[in-house]
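Following: one structure in structure tokens, then a few remarks.
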Amino acid sequence: MTDQDLTSATQRGKWAFSDYGNAYFSTERSRLDAGLRQVIGPSTLQVGSMLDESVLIDLDLPHLLKVQMSHSPSPHSTLPADLAADPAFLPFGPDSFSTVVLPHVLEAHLLPHQVLREAHRVLQHEGCIVITGFNPSSFVGAQRFLRPKSAMPGRYYTAGRVIDWLHVLGFEVVASSIFQYSPLSRSAKVRKVLNFLESVGDRWLPMLGGGYMIAAKKKEPAVTLGGLVKFKRSKRKLAATASVRSHSESRRQTNNK
């Protein structure tokens, strides 16, 4: 891990514990909870800790395995990680989990496509992946440049782009949500003033939310079975050809006589 990676991971950890991070995760919690309840399975893999983990605690899952990103500390966590691993190279066999949860993992990793491929590999057939992320085309996305301390560092990807990646891998999106239309603020008074954006955002600003949640189901490619194609010659055509030949031979014999 380079010094730059360590610095970025430390900044993400500080942001998660900040007033900005706490305000954001309180908004994200309800959307994530609704998405997880639709798709959660008995064996769940949580990668990273950038989420309000009380959501998973309340679900009381029978088998929950938590993986800490190997290049990142565990900043917003109340539960210890079971092991540390790179999300792009998970140490599990194929079809190991019914659900994989990736909370703000893609924007923190240099290989987001490989992270999704690994999640697809370890998921069982009809298993689900749940992704949260930040939208660059939003007030939160703009805050990265206007007020860096207010936004989590990383590469932000739009929900549409992530959905395209999922479709390429064979996932089917079953639920999605966009939220956090107002900029993040440490002040409760400012958040109250800007709260009207949250009430009108779904209707008037549907693609400009600062955060999103996507739940998608793993679909296996359809297989079509086909037998050997046999070509049959037409008997009538062969019979007609034979009769023409016999007629030609009889005429030739008559002429010779």
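Laboratory data are not the source of any read-out in this text; all were calculated from the coordinates shown. These numbers come from a predicted model, not from an experiment. Don't worry about glycine lacking a Cβ; one is built from the backbone with ideal geometry, like all the others, and counts go over all protein chains shown.
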Discussion item. A 30 angstrom limit on the alpha carbon distance is what I want to check against. Which of Lys192/Lys218; Lys14/Lys218; Lys14/Lys189; Lys66/Lys219 exceed it?
Written reply: Lys192/Lys218; Lys14/Lys218
Worksheet item: Taking the simple approach of a point 7 Å from Cα along Cα-to-Cβ for both Ser30 and Arg203, what is their distance in nm?
Response: 1.6
Worksheet item: Rounded if a/c is under 1.5, else prolate if a/b is larger than b/c, else oblate: which is the range 3-218, with a ≥ b ≥ c the root eigenvalues of its Cα gyration tensor?
Response: prolate
Worksheet item: Between the range 136-179 and the range 181-202, what's the alpha-carbon centroid distance in Å?
Response: 19
Discussion item. About the Cα centre, and with charges only on the beta carbon of Lys, Arg (+1) and Asp, Glu (-1), how big is the dipole of the range 3-218? Nearest 20 debye, please.
Written reply: 780
